[in-house]
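What follows is a set of notes on a single structure, which appears directly below.
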Amino acid sequence: MTLAEQAADTGATDLPPPAKFLNTLGSARWHLYARDGELGDIQAAVAAYRQALAALPSDSPEEPVYLNNLAVALSHRFALSNTDDDRRDATTAFREACRSGMALRPEWALLAARTWGGWADARHGWREAAEAYGCGLTALDHLFRAQLNREHKEQWLLEAQVIPARAAYAIAKVDDPRSSVTALEQGRALLLADRLERDRIDLRRLTSLGHGDLAGRYRALTDQLSALEHGGLERSAIGTAG
């Protein structure tokens, strides 16, 4: 934290400190707050994050990251202050992180949406949670379709099993059952698209190269995986109904 403060000190030069130094200072004070729970640390973190955003060039790819950092810090300060200003400012920062993230870095839009939705859930702010998770669904769809690498796509598939259910619950809480079902189906559509892609893989070349045993094992394993997925969906439906 001392080094971050020295790097962000404007007294030694006429030039403003780079945004990344201010963000680092904010994160250092944030971690102190997380450890000790001191109001002064969260106040300093919020101030540093605001300065970092002000120092960023326009359309910087770091904007959604810094906005998310500010939003998280404000949401924690709200837990201490319980003021309308902190709640409103945190909500605005989360919303802006989602907007900026969708334009610049969708993975940060997803992260901000998930964190925002969880914070709204905890306060029973269902309309706000529905908005947050709606942003998450949009980001998730974009990320899933943009990934060609299987390993990366699996990362978003894990999110596809969580975000739609949370979105559906929040939307149901504001008495919009049709949209609630749509949110659930949006997540299932991503999972189904992945399953169809898996089932369409052409195994004939393996057989022609004398690896028919591998093709047979692949089919057996995909059948087994489909059966497990089907069972998981049934258990999930029962749990939701309960």
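Just for the range 67-96: of the residues that are hydroxyl-bearing (Ser, Thr, Tyr) and in a helix (DSSP H, G or I), which one is most open to solvent (accessible area, probe 1.4 Å)?
Thr92
Quick check on Ala112: is it touching a Pro at 6+ places or on another chain (Cβ under 7 Å), within 14 Å of Ala132 (Cα to Cα) and either buried (at least 22 other Cβ atoms within 10 Å of the Cβ) or not hydrophobic (A, V, I, L, M, F, W, C) (or both)? Steps first, answer last, please.
Values: touching a Pro at 6+ places or on another chain (Cβ under 7 Å): yes; within 14 Å of Ala132 (Cα to Cα): yes; either buried (at least 22 other Cβ atoms within 10 Å of the Cβ) or not hydrophobic (A, V, I, L, M, F, W, C) (or both): yes.
Yes: the conditions hold for Ala112.
Output the residues belonging to the range 97-134 that are of a type in the set (Lys, Arg), out of contact with any helix residue (DSSP H, G or I) (no Cβ under 6 Å at 6 or more places or on another chain), within 22 Å of Asn82 (Cα to Cα) and in a helix (DSSP H, G or I). Write out each step before concluding.
Applying the first criterion (of a type in the set (Lys, Arg)) to the range 97-134 yields 99, 105, 114, 123, 127.
Subset that is out of contact with any helix residue (DSSP H, G or I) (no Cβ under 6 Å at 6 or more places or on another chain): 99, 123, 127.
Keeping just the survivors that are within 22 Å of Asn82 (Cα to Cα) gives 123, 127.
Scanning the range 97-134 gives a single hit, Arg127.
The values are calculated or read from the model by the stated rules, or taken from the named source; none is laboratory data. These numbers were taken from a predicted model, which means no experiment stands behind them. Don't worry about glycine lacking a Cβ; one is built from the backbone with ideal geometry, like all the others, and counts go over all protein chains shown. What goes into the accessible areas is simple: the full protein's heavy atoms, side chains included, and nothing from ligands, DNA or RNA. Shrake-Rupley method; radii C 1.70, N 1.55, O 1.52, S 1.80 Å.
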